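Where a number appears in this text, it was derived from the coordinates with a stated rule and is not lab data. Computed from a predicted structure; not experimentally measured. All Cβ positions, even for glycine, are placed from backbone atoms using ideal geometry, and neighbour counts span all protein chains on display.
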Amino acid sequence: MRRFAPLLLLPLLMAGCSDAGGDATATATGATPGAGGASVVAPAPVDPSVAASADKALSSNTKAICAQAERTTTSFGQTFIADLQMQIDAAGQGAAAKAQAQQKIDRDVSSFSSALSGMAKLADDKALKTALTRMSKQAEAFKGDLTKINAEKMAAITSTLDKACGRD
């Protein structure tokens, strides 16, 4: 539940959506979507047999997968709030800003869903696999419309993950 505590702020932030278009002082507080000054260096190729061996070792380590899932959901909760604010700010900045914000949101939701799905594929524990798969599918259903995210639904889903990880 604590991972999605920022989602409890959703109603307050959504209230700001209706005012965003009329507030000339609303400006983006974060980085501009699509802008970047840093160059990205591709990581060195990983030997597939090394990666497969690491995946096999991780698959039986429920504790490690649970820890990674917790970090991932916490990170997504923070990203979600930032994306929602970016979407609110972009609403008053024209169609191009709105489109850029939507692209970033879609990427972030897809990345979160893919990360959960990948962890589910690695997990040997059936309850953990089921919880991660459900979370992944639920997150993917949010793609395109952050207003679909319901803090209560996400809390119920993460509760299933907490139970699977022995944290209930």
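Under the Karplus relation 6.51 cos²θ - 1.76 cosθ + 1.60, θ = phi - 60°, what is the ordered set of whole-Hz ³J(HN,Hα) values for region 87-103, x standing for Gly and Pro?
Working through the residues one at a time gives 5, 4, 5, 5, 4, x, 10, x, 5, 5, 5, 5, 5, 5, 4, 5, 4 Hz.
Answer rounded, prolate or oblate for region 72-132, using the Cα gyration tensor with square roots of eigenvalues a ≥ b ≥ c: rounded when a/c is under 1.5, else prolate when a/b is larger than b/c, else oblate.
Here region 72-132 falls in the prolate category.
Along the charge dipole of region 71-125, pointing to its positive end and built from +1/-1 on Cβ of Lys, Arg, Asp and Glu, which listed residue (SER117, THR73, GLN103) has its Cα farthest out?
Value: GLN103.
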